[in-house]
Amino acid sequence: MTAMETSAPAPYGPGNSGPLLETERLVLRPLTADDLDRFVDLHADPEVTRFVPVYTREQARQRLAEIERQWAERGHGVCAVELKETGAFLGRCGLNHWEVFDEVEAGWTFRRSAWGHGYATEAARACLEWGFAALDVPYFTAMIDPANTASAKVAARLGFTPGRRDRFLGHDVIVHVLHRPGTRNG
């Protein structure tokens, strides 16, 4: 079973509705301003935010506006990840373009209660498959704090390899790289 909902994926844009992607257990849909409370709650857990930012309501509102803008302008962005069976919000995952690097990063952040169930790998794999099918990019990155061994394991399961060291949002990161399948590096 493919992770993608449609056989001919296209960048998401105005007029599209419903979930962007479905997997066996998950539904992924673009994050919107309506997700403000869930987004703030996700980023309020100190264990979750060891490697990602904490957001005030106003910062979260701004970040969600940036995410909505990226969906509208670039046709991709960050998704809410929900459990298909119950609709429970598990976290966020998606493809985010960072101007500073001119690269598209695959990223994932999940509630602590969702850890250890394979949701991050499942959601990120769906995003990556969709991204390679829908977007004209040679590779995706995953910027991971060197101490974040759980995310590094997810990246490895997805086929990423550690690449350069860099600074991102004031933190040292290892930029993991996943090249397009079938290319010289992929």
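Which of (1) open to solvent by less than 50 Å² (accessible area, probe 1.4 Å); (2) modelled with pLDDT of 90 or more; (3) touching a Leu at 6+ places or on another chain (Cβ under 7 Å) is the odd one out, the single condition residue 4 does not satisfy?
Just one mismatch for residue 4, condition (2).
Those residues that are within 11 Å of the chain's Cα centre (by Cα) and without any contact (Cβ under 8 Å) to a residue 60 or more places away in the chain, I need them from the stretch 102-130; list them, please.
Passing the criteria: 104, 105, 107, 108, 120, 121, 124, 128.
When only residues in the stretch 146-186 that are among the charged types (D, E, K, R) and over 17 Å from residue 128 (Cβ atoms) count, which is surrounded by the most Cβ atoms within 10 Å (Cβ to Cβ)? Please lay out each step first, then the result.
Of all residues in the stretch 146-186, those among the charged types (D, E, K, R) come to 153, 157, 164-167, 172, 180, 184.
Right, trim to over 17 Å from residue 128 (Cβ atoms) and you get 164-167, 172, 184.
Working: 164: 10, 165: 10, 166: 14, 167: 10, 172: 11, 184: 7.
Among them, the one singled out is 166.
Quick one: which of 107, 116, 94, 87 is under 18 Å from residue 23 (Cα atoms) and open to solvent by less than 10 Å² (accessible area, probe 1.4 Å)? Quick ask: steps written out before the conclusion?
Details: 107 fails: open to solvent by less than 10 Å² (accessible area, probe 1.4 Å); 116 fails: open to solvent by less than 10 Å² (accessible area, probe 1.4 Å); 87 fails: open to solvent by less than 10 Å² (accessible area, probe 1.4 Å).
Just one listed residue meets the conditions, 94.
In the list 112, 57, 69, which residue meets the criterion of being within 26 Å of residue 172 (Cβ to Cβ) and of a type in the set (Lys, Arg)?
Numbers: 57 fails: within 26 Å of residue 172 (Cβ to Cβ); 69 fails: within 26 Å of residue 172 (Cβ to Cβ).
Within the list 112, 57, 69, the selection yields 112.
Within the stretch 45-70, can you find the residues that are part of a loop (DSSP other than H, G, I, E, B) and free of Cβ contacts under 8 Å to residues at least 60 places away in the same chain?
Here is the first cut: in the stretch 45-70, the ones part of a loop (DSSP other than H, G, I, E, B) are 45-47, 51-56.
Selection gives 46, 52, 54, 55, 56.
The values are calculated or read from the model by the stated rules, or taken from the named source; none is laboratory data. This is a predicted model, so every value here is computed, not measured. FYI the Cβ positions are ideal-geometry reconstructions off the backbone, even for glycines, and counts take in every protein chain you see. Calculation scope for accessible area: heavy atoms of the full protein, side chains included, ligands and nucleic acids excluded. Shrake-Rupley method; radii C 1.70, N 1.55, O 1.52, S 1.80 Å.
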